[in-house]
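Participant: I have a structure here, written as structure tokens, and I will follow up with some questions on it.
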Amino acid sequence: MRSILRHLSLRQISIIGVAAGILVPAVLFGYFTVKTRYERELQLRVYSPMSQYADMLSKAMEVPLWNVDREVAGQFVQAVMRNREVNSVTITDESGTVFVHLEKERKPQNNVVSLTRDIRLDQKAIGKVSLELTSAYVDRDFFDDILKLLLALLAQVIFSFVLIWFVFDRRIVRPIQKLQRATLFLSAGELNKSLEWKRQDEIGNLAHGLDQMRLNLGSLIAERDLQNQVLQQELLERSRVEEVLRDTENKFIAIFQSSPVAMTVLRKAERYAIMDVNDAWLRQFKWERETTLGNPAMQAQLWRNPDDFDRIVHILEREGEIHSYEAWCRCGVGEQNLLCQVSGRIIRVGNEPLLVLVQEDITEKRQNELDIRNMNQTLEKRVFERTHELEEANSELTVVLENLQRAQQELLRTEKMAALGSLVAGVAHELNTPIGTCVTVASTLQQQTDDFLKQYEHGIRKSVLDDYLKNARLGSDLLLRNLSKASELVTSFKQVAVDRTSANRRIFALDGMMDELITTLGPMIRKTKYTVVAELPPKFMMDSYPGALGQVMTNLINNAFIHAFEPDKRGRVTISAKLIDSEHIEVLVTDDGKGIPPANLGRIFDPFFTTRLGQGGSGLGLNIVYNLIKDVLGGNITVESQLGKGTCFKITLPRVARVVNGA
């Protein structure tokens, strides 16, 4: 070998040396680098995730596998299946039955590694988790890297042989120094600085490989961080689910123990031995918890008739639930028996069927129902007797009520007759004076006429004729005046029923109509010490019945003269009006007299009510006013009064009166 080297030229030796110096270290370094990288990739992408997934799933599957919650278990398995190196995940229970199984449709069949871990709950194996991962993707990447490395070495050797003298210093030493500085940055962890290399030679490929390695390292670190975030979220979700499960379990225990009715949980696998009871059950049956739980002979001691429990179990196994089954149960203390209403259902916790029973004590309820039935029978008899007594009492009350109604009708008729008698007495009193005077005058005239006829048969003197004529003239005057007074009194009484057919409707000015009315009443007003003043807006037009309105005003003025003022004192009646709205007016008739007592305000419009019956008051004036305003004029009237200050009649009238039948 040495002789051969001695015969080689320096160029050849340099080429061989350069080639050997390039190829041998590159091959050795590439081999160890690729091998190390392959082992690291295999560890990072296959064995470490497989171990982590197995640990994570063995912990995460405890609660879902125990609660038979395939949905939650499937979520965890789906999260693991997102890794492309994972071929399949299988979760089995303690009996070997597949609980959850997921596998990829297209999975490599070679280079497969697997791992199986036990799933333990409270140090007890309740199932297994099996993972199957493939290293085919790692091998594929490994062969790609080897191919890239061989290509780089081949290109490097070719360029070295061609450009050895030209580029040895400029293309090897200096670039290596530059690459050395770049690797220092990479070794310091500064992966954000890229290796920019413009020359496409071996060193350039090496720089590109280093830059690609930098990018791969960055991607791996980012992927690792992403996986860490996913795992962190999964851990948080797992913690949340565990917290929810703990809360649910605590709530169930709290509800079970605080239930007011007796509840038991029986395990079917142990011949329906009692697994747990709540506090209400212990209080109701007075058994000790220690002697009750897990005791196979407890059912024979609890049920007075063991066939009842067998029938309950038979119904539950056939239908899955039972409702309102009544059976007698024994208490733990003494010889007391309880009649219980049993309801229940079969549930499954995992693969274990459990029987939940509710035993409600209805002993007192049934006794009360029996007492009520006995009481109802007694009560029906008492009700029948009481009904018979009430029917007799009702018959007596019916007779009394009929007598009372007849008495009421008799009292009403008596009151009407009394009112009629009072009215007749008042009318008779008012008519007594003019009619009595007329009778006296007529009888006197009759006597004088008889005397005159007797004298006329024997001859009559002129003086006798003159006396008779004077007496006849005087008597006729007295008769005419008294009969006129009686006629006016009768006419005023007849005005209680207002003659609507005599009303004449027309358009008139309110102020003009009032002035004419006051002028017409002037002679009557001047004979008194009172005055009547109209304070009305000018030209206030109305379409109504002036005759009826004049009658209302006349009656109100006369009422004030008779009732409001003292005979020896002066008084004033004021008539005013104002517009309420475009369709209604308000007429006020006010006096400054002595006022109306409050007890009489509600009766002043009643017919024949007067405080001066036999003293000039007929009791019909204000009733006529009320009827005219309501029935003819279509308005309303109210009164306000204070003793010592006067009275005010408020009349509300429409400006256009409604049409009265026959008008």
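The values are calculated or read from the model by the stated rules, or taken from the named source; none is laboratory data. The shown structure was predicted, so the numbers you read here are calculated from the model rather than taken from an experiment. Reconstructed Cβ throughout: ideal geometry from the backbone, glycine too, with neighbour counts over all protein chains shown. Ligands, DNA and RNA are stripped out before the accessible areas are found, and what is left, the full protein with its side chains, is counted by its heavy atoms. Shrake-Rupley method; radii C 1.70, N 1.55, O 1.52, S 1.80 Å.
Participant: Take the conditions basic (Lys, Arg), modelled with pLDDT of 75 or more and open to solvent by 70 Å² or more (accessible area, probe 1.4 Å) and apply them to ARG461. Does it pass?
Facilitator: Yes; evaluated as a whole, the condition is true for this residue.
Participant: Could you run through segment 546-588 and say how many residues are among the hydrophobic types (A, V, I, L, M, F, W, C) and outside any helix (DSSP H, G or I)?
Facilitator: Here is the first cut: in segment 546-588, the residues among the hydrophobic types (A, V, I, L, M, F, W, C) are 548-549, 552-553, 556-557, 560-562, 564-565, 573, 575, 577, 579-580, 585, 587-588.
Retained after the next criterion (residues that are outside any helix (DSSP H, G or I)): 565, 573, 575, 577, 579-580, 585, 587-588.
Final tally of qualifying residues: 9.
Participant: Can you tell me which residues in segment 272-307 are over 19 Å from VAL342 (Cα atoms) and assigned to a loop (DSSP other than H, G, I, E, B)? Explain how you work it out, then say what you get.
Facilitator: So in segment 272-307, the residues over 19 Å from VAL342 (Cα atoms) come out as 288-291, 293-297.
Once the filter is applied, which keeps residues that are over 19 Å from VAL342 (Cα atoms) and assigned to a loop (DSSP other than H, G, I, E, B), segment 272-307 yields GLU288, LEU293, GLY294, ASN295, PRO296, ALA297.
Participant: Please state which of the following conditions MET1 fails to meet, knowing it meets all the rest: (1) open to solvent by 90 Å² or more (accessible area, probe 1.4 Å); (2) at pLDDT below 75; (3) within 29 Å of ASN110 (Cβ to Cβ).
Facilitator: (3)
Participant: Among (1) assigned to a helix (DSSP H, G or I); (2) more than 30 Å from GLY209 (Cα to Cα), which single condition is THR33 missing?
Facilitator: (2)
Participant: Quick check: anything in segment 553-574 crowded, with 19+ Cβ neighbours inside 10 Å, at negative phi and among the hydroxyl-bearing types (Ser, Thr, Tyr)?
Facilitator: Taking every residue of segment 553-574 in turn, none turns out to be crowded, with 19+ Cβ neighbours inside 10 Å, at negative phi and among the hydroxyl-bearing types (Ser, Thr, Tyr).
Participant: Any chance you could count how many residues in segment 91-127 are in a strand (DSSP E or B), open to solvent by less than 70 Å² (accessible area, probe 1.4 Å) and over 15 Å from LEU57 (Cα atoms)?
Facilitator: Selection size over segment 91-127: 2.
Participant: Tell me which strands (runs of 3 or more DSSP E) are completely within segment 486-545 and hold 1 or more residues being β-branched (Val, Ile, Thr) and at pLDDT 85 or above, or say none if there are none. Don't jump to the end; show me each part of the working.
Facilitator: Numbers: elements: 506-509, 530-535, 541-544.
Where strands (runs of 3 or more DSSP E) fall fully within segment 486-545 and carry at least 1 residues being β-branched (Val, Ile, Thr) and at pLDDT 85 or above, they are 506-509, 530-535.
Participant: If you take the residues in segment 321-353 that are among the small types (Gly, Ala, Ser), touching a residue at least 24 places away in the same chain (Cβ under 8 Å) and within 16 Å of THR264 (Cα to Cα), which one is most open to solvent (accessible area, probe 1.4 Å)?
Facilitator: Among those that are among the small types (Gly, Ala, Ser), touching a residue at least 24 places away in the same chain (Cβ under 8 Å) and within 16 Å of THR264 (Cα to Cα), it is GLY332.
Participant: Would you check which residues across segment 297-308 are at pLDDT 85 or above and open to solvent by less than 40 Å² (accessible area, probe 1.4 Å) and list them?
Facilitator: ASP308
Participant: Tell me whether segment 416-427 contains one or more residues that are surrounded by 13 or more Cβ atoms within 10 Å (Cβ to Cβ) and at pLDDT 80 or above.
Facilitator: Checked against the condition, which is being surrounded by 13 or more Cβ atoms within 10 Å (Cβ to Cβ) and at pLDDT 80 or above, segment 416-427 yields no hits at all.
Participant: Which condition number does THR398 fail, the rest of (1) open to solvent by 50 Å² or more (accessible area, probe 1.4 Å); (2) modelled with pLDDT of 85 or more; (3) of a type outside the set (Asp, Glu); (4) within 48 Å of the chain's Cα centre (by Cα) being met?
Facilitator: (4)
Participant: What are the residue pairs meeting all of these: first residue in segment 625-641, first residue buried (at least 21 other Cβ atoms within 10 Å of the Cβ), second residue in a helix (DSSP H, G or I) and of a type in the set (D, E, K, R), Cβ atoms under 9 Å, and 6 or more apart or on different chains?
Facilitator: Going by the 9 Å Cβ cut-off, the qualifying pairs are VAL632/ARG500; ILE637/LYS630.
Participant: Residue check: is SER88 polar (S, T, N, Q), in a strand (DSSP E or B) and under 55 Å from the mean Cα position of the chain (by Cα)? Before the answer, list the steps.
Facilitator: Numbers: polar (S, T, N, Q): yes; in a strand (DSSP E or B): yes; under 55 Å from the mean Cα position of the chain (by Cα): yes.
Against the criterion (polar (S, T, N, Q), in a strand (DSSP E or B) and under 55 Å from the mean Cα position of the chain (by Cα)), SER88 qualifies.
Participant: Under 8 Å between Cβ atoms, which residue pairs at least 6 apart in sequence (or on different chains) link something in segment 129-148 that is more than 14 Å from LYS107 (Cβ to Cβ) with a partner that is of a type in the set (A, V, I, L, M, F, W, C) and not in a strand (DSSP E or B)?
Facilitator: VAL129/ALA54; VAL129/LEU57; VAL129/MET61; VAL138/LEU42; VAL138/VAL46; PHE142/VAL34; ASP145/VAL34; ILE146/VAL34
Participant: Condition first: under 52 Å from the mean Cα position of the chain (by Cα), farther than 12 Å from LEU65 by Cα and small (Gly, Ala, Ser). Can you find one or more residues in segment 91-114 that meet it?
Facilitator: The answer is no, given that none of the residues of segment 91-114 is under 52 Å from the mean Cα position of the chain (by Cα), farther than 12 Å from LEU65 by Cα and small (Gly, Ala, Ser).
Participant: Could you go through segment 83-101 and let me know if any residue there is of a type in the set (Phe, Trp, Tyr) and modelled with pLDDT under 85.
Facilitator: Here is the first cut: in segment 83-101, the ones of a type in the set (Phe, Trp, Tyr) are 99.
With modelled with pLDDT under 85 added as a condition, the list becomes none.
No, that holds for no residue.
Participant: Only one of (1) open to solvent by 30 Å² or more (accessible area, probe 1.4 Å); (2) within 28 Å of ASN351 (Cβ to Cβ) fails for GLN284. Which number is that?
Facilitator: It fails just one condition, (2).
Participant: If you don't mind, another one. Return the residues of segment 309-320 that are surrounded by 12 or more Cβ atoms within 10 Å (Cβ to Cβ) and within 47 Å of the chain's Cα centre (by Cα); say none if nothing qualifies.
Facilitator: The answer is ILE312, VAL313, ILE315, LEU316, GLU317.
Participant: Still on this structure: So, LEU390, is that one open to solvent by 70 Å² or more (accessible area, probe 1.4 Å) and at pLDDT below 60 or not?
Facilitator: No; evaluated as a whole, the condition is false for this residue.
Participant: Of everything in segment 45-64 that's open to solvent by less than 20 Å² (accessible area, probe 1.4 Å) and within 52 Å of the chain's Cα centre (by Cα), which residue is farthest from VAL113 (Cα to Cα)?
Facilitator: PRO64
Participant: Moving on. Can you find a residue in segment 164-175 that is at pLDDT 75 or above and either part of a strand (DSSP E or B) or open to solvent by less than 100 Å² (accessible area, probe 1.4 Å) (or both)?
Facilitator: Going through segment 164-175, the residues at pLDDT 75 or above turn out to be none.
There is no residue in segment 164-175 that is at pLDDT 75 or above and either part of a strand (DSSP E or B) or open to solvent by less than 100 Å² (accessible area, probe 1.4 Å) (or both).
Participant: Which ones in segment 231-278 are charged (D, E, K, R), under 15 Å from VAL356 (Cα atoms) and surrounded by 12 or more Cβ atoms within 10 Å (Cβ to Cβ)?
Facilitator: ARG267, LYS268, ASP276, listed by residue number.
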